[in-house]
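The values are calculated or read from the model by the stated rules, or taken from the named source; none is laboratory data. Quick caveat, the model's predicted, so the values are computed rather than measured. Every residue, glycine among them, receives a Cβ derived from its backbone with ideal geometry; neighbour counts consider all protein chains shown. Note: areas computed on protein heavy atoms with side chains; ligands, DNA, RNA excluded. Shrake-Rupley method; radii C 1.70, N 1.55, O 1.52, S 1.80 Å.
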Amino acid sequence: MKKLGKFVHYDWLEKPHVYYISGDGDALALTFKNGMAVLYEYWFYC
């Protein structure tokens, strides 16, 4: 996650363990628990 710093968005107050990576027409959400990814969500906007 540190290498993608300028592409990663997060909200420490509302969802402290969820990181979002947004592209041109898509979005990726990664949820971490105990330092491991436990949920992977991908959206494509058309």
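Anything in the range 26-42 that is surrounded by 12 or more Cβ atoms within 10 Å (Cβ to Cβ) and of a type outside the set (A, V, I, L, M)? List them, or say none.
Within the range 26-42, D26, T31, F32 meet the criteria.
How many of the residues in the range 15-25 are open to solvent by less than 100 Å² (accessible area, probe 1.4 Å), modelled with pLDDT of 90 or more and not aromatic (F, W, Y)?
Of the range 15-25, the ones open to solvent by less than 100 Å² (accessible area, probe 1.4 Å) are 15-16, 18-23, 25.
This time we only want the ones that are modelled with pLDDT of 90 or more, so: 18-20.
Pick out the ones that are also not aromatic (F, W, Y) and you get 18.
Result for the range 15-25: 1.
What are the pairs, 6+ residues apart or on separate chains, where a residue within the range 1-14 that is modelled with pLDDT under 65 has its Cβ under 7 Å from a residue that is of a type in the set (S, T, N, Q) and surrounded by 10 or more Cβ atoms within 10 Å (Cβ to Cβ)?
Note: no pairs meet the criteria.
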